[in-house]
Amino acid sequence: MHKFSRRLFLSLSENRFLAAAARKWGLSLGASKVVSGESLESAIAAVRSLNETGIAGTITHLGEFNTNKSEADQAAAVCIQAVEKIAESAVDCHLSIKLTQIGLGIDLATCLHHLKDITKAAHKHGIFLQIDMESFFYYESILYCLQQLRREFDNVGTVVQASLHRAEDDVRGMQDLHLRLVKGAYKEAPDYAFQTREEIDENFFKLIQLHVASNGYTAIATHDHNIIEKVKLFTSSHHISIANFEFQLLYGFREELQKQLVEEGYRVRAYIPFGSDWYGYFMRRLAERPQNITFALKGFFSK
Ligand SMILES: Cc1cc2nc3c(=O)[nH]c(=O)nc-3n(C[C@H](O)[C@H](O)[C@H](O)COP(=O)(O)OP(=O)(O)OC[C@H]3O[C@@H](n4cnc5c(N)ncnc54)[C@H](O)[C@@H]3O)c2cc1C
């Protein structure tokens, strides 16, 4: 049943017609519980209120798969505005971006051009830029872009998905980087990705152990309390400083757990999306956990 709903929501997440319709409906159907709002201001307001409770933020402008140059140019301009706004507001916040939003699906040169401008603006203000990892089709190009940026900038990192067979080798090759580790949100082929939850969970914890013990900084992005408990045990028994890693959770998800982690002294950062292009993001969350439908409906009816 879970496999069926996962496939269904993942295929819905890629439906361009529904995505366009969703843009018109606005933040309905419960999406407003997990998206801060349509404007950059709404994201900054969400960060500010989370900062007051000890939770840091990483904001992200929703939207991906731009195949039109002017859309990619516009999206890049919003990322630069976001950086300026974070700096001006003096909030504790990073920026997360998806490269297909700024032209990766058009051509590498357009994407790199925008990415350099955004990283430069972020660097000027000491703001960290996390490049989200997308479907495997873009994996190599995303790592290539990161490599290019790292020649000039140190305020940039990316994400490794435990679902991929090659993840362990990649983490070993990025021991000194600021990495976000995740299970992986996309349905990938068995040729290069694990297919069962057990295999992915096992690999996820293996990657976490590898990277928290390295010179890099590790963001462990999960809502899985079992993994979080294992991380706490591993880091304390190996005397790994809590300054070497943080837990990341999505905005609006498991808020009690976020609070509890802060109370226990761990660093916590919420991934806070904003913008009108919420449809694909929202469908992927439903694919991950069908129970999020109940959560979404509660949000819808309590509006
Ligand atoms: C901050 C952040 C950034 C991310 N960035 C990326 C990225 O760049 N690229 C990418 O591919 N993926 C990304 N992801 C998504 C990630 O890959 C997973 O798809 C997603 O986090 C679901 O996996 P999970 O580890 O949270 O646990 P799951 O495997 O979904 O859940 C494990 C168990 O945890 C419990 N649980 C989970 N969610 C809840 C809940 N809401 N309430 C109560 N219990 C719950 C349940 O018991 C569940 O069985 C990101 C996730 C986060 C949190």
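The values are calculated or read from the model by the stated rules, or taken from the named source; none is laboratory data. All values derive from a computational prediction rather than experimental measurement. Glycine also receives a Cβ, built like all others from the backbone with ideal geometry; neighbour counts cover every protein chain displayed.
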Report task. For region 49-64, state whether one or more residues are touching a residue at least 60 places away in the same chain (Cβ under 8 Å) and part of a helix (DSSP H, G or I). Result -> yes
Query - Residues satisfying the stated conditions in region 32-44, i.e. farther than 22 Å from K120 by Cα and either buried (at least 17 other Cβ atoms within 10 Å of the Cβ) or touching an Asp or Glu at 6+ places or on another chain (Cβ under 9 Å) (or both) - result: S32, K33, V34, V35, S36, G37, E38, S42
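Matching residues to (1) within 23 Å of R285 (Cβ to Cβ); (2) outside any helix (DSSP H, G or I):
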| position | (1), (2) |
| --- | --- |
| A46 | yes, no |
| T67 | no, yes |
| V83 | no, no |
| E88 | no, no |
| V91 | no, yes |
| L104 | yes, yes |
| H113 | no, no |
Query - Within region 159-202, tally of residues that are free of Cβ contacts under 8 Å to residues at least 24 places away in the same chain and among the polar types (S, T, N, Q) - result: 2
Query raised in the report: Can you tell which of E140, E88, E134 is more than 16 Å from G275 (Cα to Cα), among the charged types (D, E, K, R) and surrounded by 22 or more Cβ atoms within 10 Å (Cβ to Cβ)?
Result: E134
Query raised in the report: In the set I240, I220, which member is farther than 19 Å from D169 by Cβ and assigned to a loop (DSSP other than H, G, I, E, B)?
Result: I240
Query raised in the report: Would you pick out the residues in region 212-233 that are within 16 Å of the ligand (Cβ to nearest atom) and among the small types (G, A, S)?
Result: A219, A221
Report task. Check L143, L149, L207, L181 and return the single one that is touching a Ser or Thr at 6+ places or on another chain (Cβ under 6 Å) and either assigned to a helix (DSSP H, G or I) or within 11 Å of the ligand (Cβ to nearest atom) (or both). Result -> L149
Query raised in the report: Does region 85-99 hold any residues that are under 20 Å from the mean Cα position of the chain (by Cα) and farther than 19 Å from L250 by Cβ, and which are they?
Result: K85, L99
Requested in this report: Name the single residue, out of those in region 234-277 being within 15 Å of the ligand (Cβ to nearest atom) and touching an Asp or Glu at 6+ places or on another chain (Cβ under 6 Å), that is farthest from L181 (Cα to Cα).
Outcome: R267
Query raised in the report: Quick one: would you say A122 is crowded, with 24+ Cβ neighbours inside 10 Å, within 13 Å of the ligand (Cβ to nearest atom) and either under 19 Å from N68 (Cβ atoms) or at pLDDT 95 or above (or both)?
Result: no
Requested in this report: Being of a type in the set (D, E, K, R), over 24 Å from S141 (Cα atoms) and modelled with pLDDT of 70 or more narrows it down to one of E14, E41, E71, so name that one.
Outcome: E41
